[in-house]
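Accompanying notes for the structure given below.
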Amino acid sequence: MTSMRPPFPRPIEARDFDAIIASDKEMYPTDNPLTAQIMAKWFTHYPEFGMIYDGFGCCIIVPVTKSTWEAYIKQEIDESQLANGIFDGTSTIDSKIGLHLYHIEKSQAWTRQFDRMANIVLADIRTILYNINQRRATQLILKPLDVIGFSALAASDAGFNMAKKVFRMVPLYDAQEILYHNIKTQELAIFTTKNQPKSSNEWQIQGEVRLMALKGSSACRNLLFV
């Protein structure tokens, strides 16, 4: 029996920003949260990478230049600074692009009657890349996109397993931060590996924060251009 899928995603719009940022902050309470202004820059050229599955969830992919992606995986910049190097395939002949998975979340409407969300997202990323290449093909000077890397910041065991098993990413560094869940207040908090919570009865480990990536044109082509 073939698994079903939710409706195809629509491109992200400004009205979606606040809810996504709030949800991401709740799941990963960083001291340097994203702003709507930065998210708007992410999708100046390709809003389709902000995949909104109305009523079912979302997946936010940031398309950046090769140099920006490389700086990110070297930990020279953080997610908010990706906005300084957004890929614009409409105004440059450069075909090298890096993708960063910023946020993925499903609602209760994404039930077991549907295929696994990560599988659907992967198929939809492939479709987005195919459609962009079709548009680029109408301009003879533009080469097909060359995805040189695909990254994600995994903050839970579920996120780690998804990035590893579906997106074929590997951890680039040892975990430097750990996500904890407070049993009493239900809040999430990030601690460094050198600064752990004092009460083990009050805090439980939710997952290690690990930067993961699939590196290289060949590896990305095998995953994304099937």
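Every number in this text was worked out from the coordinates using simple rules, so none of it is lab data. Since the model is a prediction, treat every value here as computed from it, not as a measurement. Positions of Cβ are generated from backbone atoms using ideal geometry, with glycine treated the same way; all protein chains shown enter the neighbour counts.
Numbers for the structure displayed
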{"item": "Cα centroid separation - region 192-226 against region 40-87, whole Å", "result": "18 Å"}
{"item": "DSSP-loop trypsin sites (Lys or Arg not before Pro) across region 1-103, with at most 13 other Cβ within 10 angstrom", "result": "K74"}
{"item": "Contact order normalised by residue count of the chain, Cα under 8 Å, 6+ apart, percent", "result": "19 percent"}
{"item": "Calculated [θ] (222 nm, deg cm²/dmol) that DSSP helices of n ≥ 4 give over the chain, each run adding -39,500 (n - 2.57)", "result": "-8500 deg cm²/dmol"}
{"item": "Equivalent ellipsoid semi-axes, the chain, via Cα gyration tensor eigenvalues times 5, rooted, Å", "result": "30, 20, 17"}
{"item": "Two-site FRET efficiency, M4 against N222, from Cβ-Cβ distance with R₀ of 35 Å, rounded to 0.05", "result": "0.85"}
{"item": "Region 60-148: translational diffusion in µm²/s, Stokes-Einstein, Kirkwood Rh over Cα pairs, 37 °C, 0.692 mPa s", "result": "224 µm²/s"}
{"item": "Backbone HN-Hα couplings from phi across region 169-184 [Karplus 6.51/-1.76/1.60, Hz, Gly and Pro as x]", "result": "7, 10, x, 8, 9, 5, 4, 10, 10, 10, 8, 10, 10, 7, 5, 7"}
{"item": "Among the listed pairs K96/K215; K106/K215; K165/K194; K74/K96, those beyond 21 Å (Cα-Cα)", "result": "K106/K215; K165/K194"}
{"item": "Hits among lysines - C-alpha to C-alpha of K198 under 22 Å, sequence gap 8 or more where chains match", "result": "K184"}
{"item": "Whether region 1-104 is rounded, prolate or oblate, judged on the alpha carbon gyration tensor where a/c under 1.5 counts as rounded", "result": "oblate"}
